[in-house]
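The values are calculated or read from the model by the stated rules, or taken from the named source; none is laboratory data. These figures come from a predicted structure and were not determined experimentally. Note that each Cβ is placed from the backbone with ideal geometry, even for glycine, and that neighbours are counted across all protein chains shown. To get the accessible areas, we keep the full protein, side chains included, count just its heavy atoms, and leave off ligands, DNA and RNA. Shrake-Rupley method; radii C 1.70, N 1.55, O 1.52, S 1.80 Å.
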Amino acid sequence: MGRKSNRAKEKKARRLEERAAMDAVCAKVDTANKLDDPLAAFPAFKKYDRNGLNLQIECKRVTSLNPLSVEWAFELTRANMQTLYEQSEWGWKEREKREEMNDERAWYLLARDADSAPVAFSHFRFDVECGEEVLYCYEVQLESRVRRKGLGKFLIQILQLIANSTQMKKVMLTVFKHNHGAYQFFREALQFEIDETSPSMSGCCGDDCSYEILSRRTKHGEASVGHTHGGGHCGGCCH
């Protein structure tokens, strides 16, 4: 009975260790979500004055945004993305997209022009994916008049900065394979890698999937490669 008892104790100890590790992960996500303004410590990144643009950048929870700004963000997403969604196995589901963009966990980076009109945004969340604390970028959308001026790259760099400052392990996002410009932008210009949870890596559907999950590790994530917890569970857990 002694050997069996020891195995049971070891198993229980592992469970307790995994639970404590997950509690620590969720605590970091909760702390990040309690911030008033994740960009407050980086005033230099609250403006974008390059390539003929003069913009102000703000970071707010969806619950603190003017509903008109959220509606503008939805309409821009629909204009830019509806056809790409319709070409995928997901299809365009307007009600679900509205709910996603209005979810109380949503954060927004908004770029506004001199008249305070929004011209670009990123919707992101602090969450847990496969046992790791991450900043997940749901959208990066720009109006046509501000594209190809370095603004999209600047917004992603802000997300990486926020992810580092809040001790997230990586920045993650989903991109359609047939959105060739965006795929090349993230893989080549921003050096994102295909995440281990992506269909092409995990083997769940491989080439049949129309999307990839990309990620780029922060300094905190680079230090913890090979030390993840969560028993293979993927998805948010801290709600």
If amide H atoms are modeled at 1.01 Å from N in the peptide plane, then the residues at a separation of 5 or more from residue 218, or on another chain, having amide H under 5 Å from its own are 170, 171
Candidate span helices, the chain: DSSP H, at least 20 Å along axis from Cα coords, Kyte-Doolittle average at least -0.5, result 67-86, 151-165
Under a Gaussian network model of the chain whose springs join Cα atoms within less than 10 Å, the largest fluctuation of 61, 148, 14 belongs to 14
Too long for a 18 Å Cα-Cα cut-off, among 93/170; 47/97; 34/153; 46/153; 170/219, are 93/170; 47/97; 34/153
Full extension between residue 89 and residue 71 adds, at 0.36 nm per residue less the Cα distance, a length in nm of 3.9 nm
Quick calc of log₁₀ I(q)/I(0), region 55-185, Debye, one scatterer on every Cα, no solvent, q values 0.09, 0.19, 0.20 1/Å, result -0.25, -1.23, -1.36
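Just the accessible area per residue of the chain, please: how many Å² with a 1.4 Å probe? Could you put the intermediate results ahead of the total?
Details: 13000 Å² over 239 residues.
It amounts to 54 Å² per residue over the chain.
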Out of 13, 135, 76 - ranked by how far each Cα lies towards the positive end of the dipole of the chain, with unit charges on the beta-carbon of charged residues - the top one is 13
Scoring the chain by relative contact order with C-alpha pairs under 8 Å, at least six apart, yields a percentage of 20
The farthest towards the positive end of the charge dipole of the chain, of the residues 126, 27, 176, given +1 on Cβ of Lys and Arg and -1 on Cβ of Asp and Glu, is 27
In whole angstrom, the spacing between the Cα centers of region 113-171 and region 45-112 equals 10
Sorting 55, 160, 220 by the position of each Cα along the dipole of the chain (Lys, Arg +1; Asp, Glu -1; all at Cβ), the one nearest the positive end of that ordering is 220
Carbon/sulfur accessible area of the chain, % of total, 1.4 Å probe, equals 47
With +1 at each Lys and Arg Cβ and -1 at each Asp and Glu Cβ, the charge dipole magnitude of the chain around its Cα centre, to the nearest 20 debye, comes out at 880
At 4 °C in a medium of viscosity 1.567 mPa s, the chain has a Stokes-Einstein diffusion coefficient, with Rh taken as the Kirkwood radius over alpha carbon pairs, in µm² per second, of 67
